[in-house]
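The values are calculated or read from the model by the stated rules, or taken from the named source; none is laboratory data. Remember, predicted model here, so these are calculated numbers, not experimental data. Please note: Cβ atoms are built from the backbone with ideal geometry, for glycine as well, and neighbour counts cover all protein chains shown. Remember, those area values only see protein heavy atoms, side chains included, never the ligands or the DNA or RNA. Shrake-Rupley method; radii C 1.70, N 1.55, O 1.52, S 1.80 Å.
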2 protein chains.
Amino acid sequence: MRRISSSFLPPIALDARGATPMYQQLYEWFRRAILEGQLRPGQRVPSTRNLAAELKVSRIPISSAYEQLQAEGYFETFVGAGTCVARSIPGNTTKLEGRELRNPARTTPRQTGRRGAPREISRRAVAMRMPPQSWLDNMGAFRVSLPALDHFPVGVWSRLVNRHSRRQPRQLMAYGTAMGHLPFREAIAEYLGTVRAVRCDASQILVTTGSQLGLQLSAQVLLDADDPAWIEEPGYHGARHALMTAGARLIPVSVDSEGLDIEQGIRCAPKARAVYITPSHQYPLGWTMSATRRMMLLNWATRSGAWIIEDDYDSEYRFGGRPIASLQGLDSDARVIYIGTFNKVVFPSLRLGYVVIPRDLVPAFSTARDAADVFSSTLYQAVMTDFIREGHFARHIRRTRALYALRRAALVEAIQKHLGDKLQVVGAEAGMHLVALLPRGVSDVAIAKKAAQLGIAAQPLSSCCSKPPSRGGLILGYGGADARQIEDGVRKLASCI
Amino acid sequence: MRRISSSFLPPIALDARGATPMYQQLYEWFRRAILEGQLRPGQRVPSTRNLAAELKVSRIPISSAYEQLQAEGYFETFVGAGTCVARSIPGNTTKLEGRELRNPARTTPRQTGRRGAPREISRRAVAMRMPPQSWLDNMGAFRVSLPALDHFPVGVWSRLVNRHSRRQPRQLMAYGTAMGHLPFREAIAEYLGTVRAVRCDASQILVTTGSQLGLQLSAQVLLDADDPAWIEEPGYHGARHALMTAGARLIPVSVDSEGLDIEQGIRCAPKARAVYITPSHQYPLGWTMSATRRMMLLNWATRSGAWIIEDDYDSEYRFGGRPIASLQGLDSDARVIYIGTFNKVVFPSLRLGYVVIPRDLVPAFSTARDAADVFSSTLYQAVMTDFIREGHFARHIRRTRALYALRRAALVEAIQKHLGDKLQVVGAEAGMHLVALLPRGVSDVAIAKKAAQLGIAAQPLSSCCSKPPSRGGLILGYGGADARQIEDGVRKLASCI
């Protein structure tokens with residue numbers, strides 16, 4: 001460590017044997033000295049020759065540092081007048097800022113603002129603030145939407161991943177299109193046509209990262225700030241957040257055992273621009289929308305020019321009877337935007353879903369996707385295409401459908417055994433969760449919090465409501481919990497209620 | 001094919017030897033007959049026993065079909081009164097709709113609306129409509145942002161992918177957190193601290209799918225509808241779209257060789273809520289923002305309470321001199337949201353990037369990410385962590401930096417040789433593209449279209465402008481083009497100008 005005082009400069013400390021190259025030490029020293037106000041705007045600095053002589057080092061690192069400082073605008077050079085600190089650098093006013101800022105000893109920089117200027121965020125960000133949801137901390141019983149990961153054919157999947165990763169064509173490493181990988185879109189169109197009676201071709205399929213992005217894009221394309229939009233009450237909080245992001249005005253519409261109360265919706269907001277709906281398996285209550293209500297909704301939408309956002313989550317799983325056909329397949333006026341996901345059937349960290357878009361809206365959705373996040377990662381799109389085409393997907397659905405039917409039955413039985421007088425199970429025999437209603441007057445949030453402390457994820461029904469529901473309830477996922485965890489979980493739940 | 005006329009029903013055509021199960025044929029026949037109005041609301045249908053006798057089939061498929069029709073609300077059953085078509089099904093008014101809708105012969109369903117009701121989309125979706133950009137159809141020379149994919153260590157990468165895919169722990173298949181995979185965030189924080197002088201720790205890192213999602217989230221969290229936001233002119237269209245999605249009012253601010261003209265910005269919109277900026281390497285012009293301007297910007301933001309969105313794209317590549325330190329590292333008031341991406345250094349279909357967030361904004365960004373698309377796929381996060389930790393990433397940057405320096409030099413030389421009198425190259429020696437200005441009065445769009453027909457991707461400078469620029473130009477990417485393609489591409493370009 002040599003300490004040298006230059007006639008022009010505060011002491012420079014250089015470490016000739018340190019890991020940091022000499023030019024970098026010099027560059028940083030000068031930059032700091034300028035930012036901290038030790039070197040003033042317009043002040044001359046020594047020539048590289050003089051500084052080299054004073055510091056007893058080669059001119060090369062000094063020249064490199066000077067060039068860098070000049071390129072970044074800290075130094076300026078005039079022919080015949082040598083080099084000086086840029087005169088345009090703000091002077092004393094920044095000294096304090098500079099000092100605090102550039103002090104290298106500060107290892108934990110302040111990162112929350114302090115000057116008193118406002119730190120305003122958007123109204124939507126404020127409105128979306130949520131209280132802590134401790135029931136989401138647990139990944140075991142009864143985490144909603146978690147599938148049976150230990151029954152997933154990891155061997156088959158990783159073979160497919162390896163196949164595509166090893167010989168990934170350059171083209172698939174480059175930019176993909178906003179709409180998605182074409183072979184994947186074709187496979188999705190076929191699958192939905194067969195299994196869900198969705199009427200579309202591949203040109204209408206937009207590949208997403210899951211239903212949430214589908215909801216976001218739908219809201220962005222269809223809704224302006226303050227446009228009224230019907231939303232199910234109780235309903236999916238993710239849909240609420242997506243509509244809020246676009247600035248829409250949410251109109252909660254009640255749900256009963258026939259699905260959304262269309263007449264109430266028309267009474268409250270006849271000119272709604274869009275409706276968010278889960279007709280196959282209402283989230284969270286699990287009811288199926290009746291044919292009558294479906295036709296009422298489609299008729300109203302056709303008359304009023306409203307859009308219908310159909311979220312067909314969990315439709316793969318229906319234990320009694322055949323799957324319910326999609327609303328999209330009934331729609332003759334191209335009013336329905338149909339949203340689905342592979343993340344719950346395959347595994348959540350897959351991040352692949354889809355939107356089926358009316359033909360005339362395809363360009364707007366494609367542009368919105370480009371603006372949102374450009375396109376989906378290609379590897380898993382190619383892998384998932386093979387997973388579908390080679391029959392693994394259908395086989396996995398069949399197996400998990402049988403499994404989830406058993407798990408649902410086990411959960412219902414355990415509830416009857418341990419909590420039969422307190423909990424009432426509602427909804428169709430379908431999906432990966434059920435709702436159990438609590439006695440009137442019992443706070444579901446309080447129980448969910450107690451359960452979370454015992455390691456049980458029981459989501460309160462009221463977290464899906466815009467105002468306190470007349471009866472609280474617990475949303476219990478059974479997809480990811482085996483018989484032992486279910487029995488154990490219900491026992492623990494019983495101790496909380 | 002048996003055709004049987006029931007006393008109650010229109011003729012039912014069943015195909016006993018067809019691939020479709022009998023119960024499904026029956027279910028679909030009834031559903032269609034109801035939707036088309038051939039069966040009226042309240043009309044009685046034969047008992048399963050009678051229909052089985054008439055159709056001369058077993059009762060089992062008939063019972064299954066009736067159960068399904070009842071579950072979906074097409075039928076209702078009354079004790080003692082038998083089964084009838086649900087009385088709540090809308091009557092004649094839907095006949096026409098039903099007929100068109102359910103006609104199974106229609107293989108190409110109409111999907112653009114026809115009833116005359118408006119098909120309005122949001123104002124932002126209308127504003128984001130773009131004319132066709134034929135220059136984006138080509139993936140060769142001079143596609144902007146395309147890296148040298150043939151120099152990517154595919155072997156190393158696929159080995160890492162295989163490693164993580166084969167023994168993917170259940171936990172990484174389940175839901176990840178909105179902020180991202182912690183080991184990856186730690187690796188990013190270290191990398192940015194060392195290489196970009198960004199001051200942060202892992203708790204401030206939000207993993208994204210690339211800079212575009214970072215821009216979207218920043219706009220959503222920071223800006224309300226009609227809030228003014230400065231944007232560079234010319235500037236990145238992706239940033240413009242992200243800000244428009246949030247409803248912000250864009251204030252174009254000129255750029256010169258010192259970067260954004262801060263004084264102009266303050267004159268035009270002193271109360272702007274946010275600034276979008278590319279200080280290290282202005283997009284598209286390639287200038288570096290001077291130290292003076294940086295400090296002016298930070299001082300203004302601190303005084304006025306504005307946010308700065310720093311897009312540090314391409315900062316890995318700087319051919320003359322050391323990398324320019326980030327603006328974030330100079331900021332002592334936590335006003336800077338710092339955005340970066342791995343998609344250009346690694347490969348575009350990776351879909352991984354990051355945002356460095358001021359501490360007090362972390363909860364709002366996390367909620368916004370959850371509402372946008374929940375979280376990023378985990379596999380590549382784990383793979384990229386190893387790619388960084390095992391030194392492959394640094395090695396790949398070193399190699400491609402040398403390669404891109406050569407490619408840039410080759411492009412500049414070819415331009416001088418073939419177009420020296422017509423094109424003027426501007427910007428610092430950095431990044432993966434350069435801008436070549438055209439003579440005044442020459443339309444860059446016309447030339448870009450001509451070039452696209454020859455298979456050359458030359459993006460017009462005016463596509464980055466809110467109003468026609470005083471001089472047009474071409475944005476030429478050289479990352480993905482080798483020496484031969486560059487020479488060939490410039491020759492073809494010369495033939496267009």
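Couple of notes before you dig in:
- Accessible area of A:THR177 in the full protein assembly, 1.4 Å probe (Å², nearest 10): 80 Å²
- Accessible surface of the protein assembly as shown, 1.4 Å probe: 52 percent of it comes from carbon and sulfur atoms.
- Other-copy label distances relative to A:SER134, 7 angstrom Cα-Cβ extension, nm: 6.4
- Aspartates and glutamates whose Cα lies under 14 Å from that of B:LYS56, excluding same-chain neighbours fewer than 8 positions away: B:ASP15
- q = 0.17, 0.24, 0.25, 0.27 Å⁻¹: log10 I(q)/I(0) that the Debye formula gives for the range B:216-274, counting C-alpha atoms only: -0.51, -0.94, -0.99, -1.10
- Distances between copies of B:SER466, taken at a point 7 Å out from Cα along the Cα→Cβ vector and listed shortest first: 3.5 nm.
- Distance in nm between pseudo-label sites at B:VAL126 and B:GLN38 (7 Å out along the Cβ direction from Cα): 4.4 nm
- Amide H partners (placed H, <5 Å) of B:TYR317, local residues excluded: B:GLY431
- Loop-located trypsin sites (Lys or Arg not before Pro) in the range B:252-356 (DSSP state not H, G, I, E or B) with no more than 16 neighbouring Cβ atoms inside 10 Å: B:LYS271.
- Cα-based shape type of the range A:118-181, given that a ≥ b ≥ c are square roots of the gyration tensor eigenvalues and the cut on a/c is 1.5: oblate
- The heavy atoms of B:LEU55 offer some 10 square angstrom of accessible surface to a 1.4 angstrom probe.
- Counts of other chain beta carbons within 10 angstrom of each beta carbon in peptide B:28-37 average 1.
- Angle in degrees between helix B:378-389 and the longest Cα principal axis of chain B, rounded to the nearest 10: 20 degrees
- Reciprocal mean inverse distance between Cα atoms of chain A - Kirkwood radius, Å: 27.0 Å
- Our coupling estimate for the range B:145-152, obtained by passing each phi through the Karplus curve with A = 6.51, B = -1.76, C = 1.60 and θ = phi - 60°, is 6, 7, x, 7, 5, 6, 9, 7 Hz, Gly and Pro reported as x.
- Basic side chains Lys and Arg get +1 at the Cβ, acidic Asp and Glu get -1 at the Cβ, and with that the dipole of chain A about its Cα centre reaches some 1660 debye.
- Protein-only accessible surface order, largest first, of A:HIS237, B:HIS281 at 1.4 Å: A:HIS237, B:HIS281
- Efficiency of FRET from Cβ geometry, B:SER88 and B:ASN50, R₀ 30 Å, rounded to 0.05: 0.75
- Residue among A:ALA436, B:CYS465, B:ILE12 farthest towards the positive dipole end of the protein assembly as shown, charges placed on Cβ: B:ILE12
- Residues whose amide H falls under 5 Å from that of B:GLY353, counting only those 5 or more places apart or on a different chain, are B:THR208, B:THR209, B:GLY210, B:PHE342, with hydrogens built in the peptide plane.
- The trypsin sites (Lys or Arg not before Pro) found in the range B:120-150 that occupy coil by DSSP, while having at most 12 further C-beta atoms within 10 Å, are B:ARG129.
- Subset of A:LYS422/A:LYS467; B:LYS271/B:LYS449; A:LYS417/A:LYS449; A:LYS271/B:LYS467 violating a 28 Å alpha-carbon distance limit: B:LYS271/B:LYS449; A:LYS271/B:LYS467
- Placing +1 on the Cβ of every Lys and Arg and -1 on the Cβ of every Asp and Glu, with nothing else charged, gives the protein assembly as shown a dipole about its Cα centre of roughly 800 debye.
- The shape of the range B:152-196 comes out oblate: with a ≥ b ≥ c from the C-alpha gyration tensor, a/c is at least 1.5 while a/b does not beat b/c.
- Of the trypsin sites (Lys or Arg not before Pro) found in the range B:404-497, those that fall in a DSSP loop while having at most 16 other beta-carbon atoms within 10 Å are B:LYS422, B:ARG440, B:ARG471.
- To the nearest ten degrees, helix A:444-453 and the longest principal axis of the Cα atoms of chain A are 60 degrees apart.
- Heavy-atom accessible surface that A and B bury in contact, both chains counted, 1.4 Å, Å² to 100: 10600 Å²
- Gyration tensor over the Cα atoms of the protein assembly as shown: the corresponding equivalent ellipsoid has semi-axes (square roots of 5 times the eigenvalues, largest first) of 58, 31, 26 Å.
- Once the 1.4 Å probe is applied to the protein heavy atoms, the range A:189-329 comes out at 25 Å² accessible per residue.
- Residues B:HIS151, A:HIS396, sorted by accessible area with the largest first, give B:HIS151, A:HIS396 [1.4 Å probe; ligands and nucleic acids excluded].
- Cα-based helix-to-principal-axis angle, A:154-166 vs chain A, degrees rounded to 10: 40 degrees
- Ranking by accessible area, most exposed first, for B:SER257, A:SER211 with a 1.4 Å probe: B:SER257, A:SER211
- Anisotropy class of the range A:210-250 from Cα gyration tensor, a/c 1.5 cut: oblate
- Relative intensity, log₁₀ I(q)/I(0), of the range B:384-424 from a Debye sum that treats every alpha carbon as a point, q = 0.16, 0.17, 0.28 Å⁻¹: -0.54, -0.56, -0.85
- Using a 7 Å Cα-to-Cβ projection, B:ALA405 label spacings across copies, nm, ascending: 6.7
- Global dimensions of the range B:160-289 from alpha-carbon coordinates: Rg and Dmax equal 18.2, 58 Å.
- Relative contact order, percent, chain A [alpha-carbon distance under 8 Å, six or more residues apart]: 18 percent
- Between A:ARG359 and B:PHE78, the modelled labels are 4.5 nm apart [label points 7 Å from Cα along Cα→Cβ].
- Taking every alpha-carbon pair under 8 Å whose residues sit at least 6 apart, the range B:414-495 reaches a relative contact order of 33 percent.
- Averaged over the residues of A:121-132, the number of partner chain Cβ atoms lying within 10 Å of the residue Cβ comes to 6.
- Rounded to whole Hz, the Karplus (6.51, -1.76, 1.60) HN-Hα couplings of the range A:220-231, x for glycine and proline: 5, 6, 9, 10, 9, 3, 6, 5, x, 9, 6, 9
- Take every Cα pair under 8 Å whose residues are at least 6 apart in sequence, average their separation, divide by the length of the range B:140-265, and the relative contact order is 15 percent.
- Distant-in-sequence amide H partners of A:GLY473 (H built 1.01 Å from N, under 5 Å): A:LEU438, A:ASP444, A:LEU461, A:SER462
- For the range B:125-140, Karplus couplings with θ = phi - 60° (6.51, -1.76, 1.60), whole Hz, Gly/Pro x: 5, 5, 5, 8, 4, 10, x, x, 10, 4, 5, 8, 6, 9, 9, x
- Taking every DSSP bridge with both residues inside chain A, close to 65 percent are antiparallel.
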